[in-house]
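Working notes for the structure below.
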Amino acid sequence: GLLRDPKLVIGRMRGRFIQWRGMKLMPTFHPSYLLRSPGEKRKSWDDLQKVMHELGLEPPRHEGRQA
């Protein structure tokens, strides 16, 4: 379970902030899961953008792949 709590499941918790031990956390997918399930990368990127917004940071712009 998420944060060693068997009642917390990443599929239900990801994408929104939670409070844990006085800290604000954004659960998201483990990188190895994203390697096995590349279709979930968009959700993870959306999560990271929410974190950046919360921190007052501007997400990088997508400029395509470099050769």
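What follows draws every value from the coordinates through simple rules; no lab data is involved. Being a predicted model, the structure only gives us computed values, none of them experimental. Note that we place each Cβ from the backbone using ideal geometry, even for glycine, and neighbour counts take in every protein chain shown.
What is the set of long-range amide H partners of Trp20 at a cut-off below 5 Å, with H atoms built 1.01 Å from backbone N?
It is Leu25, by chain and number.
Could you check the spin-label model distance between Lys50 and Phe17? Points 7 Å from the Cα along Cα→Cβ, value in nm.
In this crude spin-label approximation the distance works out to 1.1 nm.
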